[in-house]
Amino acid sequence: MKESLAWSEYCKSLATAVVETCSKVPVSSGPGAFVKALGQALPDWKFRHAMSRGGWYRLGGIVDGNGQRVSDSLESWVEAALDERDGDIGQLIDDFAGQTLYATRLVGQTHYLVASAGEETDDFLQLEIEDLQEMRVHRLFANEPATLEELVDPRGSSDLQQPIGMPVYAFRRLQHIGAFLKRMLAQKPEPAPVHRMIEDWAKSSAGSTSTFYNHWVIATREHLDRYHQSVFRAQPIATLAGDAPEFDAAPGTSGLELYAALGHFDREAGYPLAWYFHMLTSKAVPHWVAQTVVEDALAGFAYLPQRDVDVVRSWLHRPYAV
C-alpha cells in the first residue's frame, strides 16, 4: 500500500509539467505533437500515444445571446436559482422567460498515453489527456421544461451546437496502473476480473511476445459509496483501431479449421492468444471456443503452446469476464 501511495504522490509531481504542456500545444497539431512536447518536458519518461476515445460530452456553463459568460457551471446556476424559488421550476421558467440564455457543453475526446515503468505486466504509467471544445447548445427555458433534466440536457439538442472558442488540451489523470490495481486489492482482497486478466497475460504467450499496454489501456474510476468508503473500478479497453477482428468459425468447428480461425484473429489483432483476451472483454469471440480448444489439446491436437492451454483450461474451471 505504501508503494501505491508513493506512486500516487510521484504522479502528482509530474502533473505540473503535463498541465504546462497542455497549455502550450495546439489541438490542431495532433497527438503526435503533444507526445513530442511532453517528451521534452519529461525526458525521463517515454510516453507514446496508445488510443483515443471520443463521442462524449459534459455539461458546461451558460452564455447570453451576445456570447457573454453568465456562469461556468450550468448545474450550479440552476440549483442555486431553484433553491431561491423553493424548487419551483415553473416560477424559474416565468422569471427567465424573457431572457436569452444558452446552455453550453464541453465536447471532446480522451487521448491515452502510456510509458513503461518496469518489467511487470501492469508496471506502466497511463496518462489521460482530453481535447475539449465548448459548444453553445439549446436555449434555456425555450422548451418549457417540466424536469431538471429537460432544462439542463434535453434530448435532441445536439443538432444545435455552435462552437465557442477553439479546442484545447486539458489534463485529466496520470497514474501508475499497477499501483491502482494494488489499491483495489487492498480494498477487496479477492482479485477482480481485471487482476485475473493481467495474470493470464503474464502467464501466456501474449505476455512473452508483447507488453500489455501495447494492446490495452485501463479505464479507471474511483468514487465513495454510501459509507464513504472508496470504490475502485478498472475496465480494460483494446487499443485496436475500430472493432475487433472478425472471428469466422461456427459453433462445432474444431481441429484445423478452428486453428485457422484463431490464427487469423491473432494476426489481425497483432499478438498471440488475442482471441482469448477478446473473449474475456467482448462478444467478438464466443465462449464455446475455449471449451473446444481444450478438448482439441486433450485429444492430442496441440496447436497452442501448453502454457496457453493451461490459461484457457484454468478459465474453464473458473470463468470470468472483464
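The values are calculated or read from the model by the stated rules, or taken from the named source; none is laboratory data. Source: prediction; values computed, not measured. Quick reminder, even Gly has a Cβ in these numbers, built from the backbone with ideal geometry, and neighbours come from all protein chains shown.
General remarks:
- Enumeration of residues in the stretch 256-299 that are modelled with pLDDT of 95 or more and not in a helix (DSSP H, G or I): 270, 271, 272, 273, 284, 285, 286, 287, 299
- Test: residue 228 is exposed (fewer than 15 other Cβ atoms within 10 Å of the Cβ), assigned to a loop (DSSP other than H, G, I, E, B) and modelled with pLDDT under 95: yes
This table checks each residue for (1) in contact with a helix residue (DSSP H, G or I) (Cβ under 7 Å, 6 or more places away or on another chain); (2) part of a strand (DSSP E or B); (3) in contact (Cβ under 8 Å) with a residue 24 or more places away in the chain.
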position	(1), (2), (3)
77	no, no, no
95	no, no, no
99	no, no, yes
111	yes, yes, yes
114	yes, yes, yes
119	no, no, no
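- The number of residues in the stretch 54-75 being exposed (fewer than 15 other Cβ atoms within 10 Å of the Cβ), out of contact with any Gly (no Cβ under 8 Å at 6 or more places or on another chain) and among the hydrophobic types (A, V, I, L, M, F, W, C) comes to 0.
- Filter result for residue 171 (more than 28 Å from residue 268 (Cβ to Cβ), in the same structural domain as residue 31 (by TED's automatic domain parsing), in a strand (DSSP E or B) and not acidic (Asp, Glu)): yes
- Conditions (1) of a type outside the set (Phe, Trp, Tyr); (2) farther than 15 Å from residue 215 by Cα; (3) surrounded by 18 or more Cβ atoms within 10 Å (Cβ to Cβ); number of the one not met by residue 253: (3)
- Hey, residue 105 basic (Lys, Arg), closer than 13 Å to residue 152 by Cα, in the same structural domain as residue 153 (by TED's automatic domain parsing) and in contact with a Leu (Cβ under 8 Å, 6 or more places away or on another chain) or not: yes
- For the stretch 18-34, taking the residues that are more than 30 Å from residue 184 (Cβ to Cβ) and within 21 Å of the chain's Cα centre (by Cα), the one that is surrounded by the most Cβ atoms within 10 Å (Cβ to Cβ) is identified as 27.
- Complete set of residues in the stretch 107-163 that are more than 27 Å from residue 3 (Cβ to Cβ), surrounded by fewer than 22 Cβ atoms within 10 Å (Cβ to Cβ) and small (Gly, Ala, Ser): 142, 146, 156, 157, 158
- Every listed requirement among (1) touching a strand residue (DSSP E or B) at 6+ places or on another chain (Cβ under 9 Å); (2) closer than 30 Å to residue 314 by Cα; (3) modelled with pLDDT of 95 or more is met by residue 131 save one, (2).
- Yes/no for residue 196 being closer than 20 Å to residue 308 by Cβ, outside any strand (DSSP E or B) and basic (Lys, Arg): yes
- Among the candidates 310, 248, residue that is surrounded by fewer than 18 Cβ atoms within 10 Å (Cβ to Cβ), without any contact (Cβ under 8 Å) to a residue 24 or more places away in the chain and touching a helix residue (DSSP H, G or I) at 6+ places or on another chain (Cβ under 8 Å): 248
- Which listed residue, of 37, 41, 15, 6, is under 14 Å from residue 126 (Cβ atoms), among the hydrophobic types (A, V, I, L, M, F, W, C), surrounded by 12 or more Cβ atoms within 10 Å (Cβ to Cβ) and assigned by TED's automatic domain parsing to the domain that holds residue 133: 15
- Just one of the listed residues (33, 37) is in a helix (DSSP H, G or I), aliphatic (A, V, I, L, M), closer than 15 Å to residue 113 by Cα and without any contact (Cβ under 8 Å) to a residue 12 or more places away in the chain, and it is 33.
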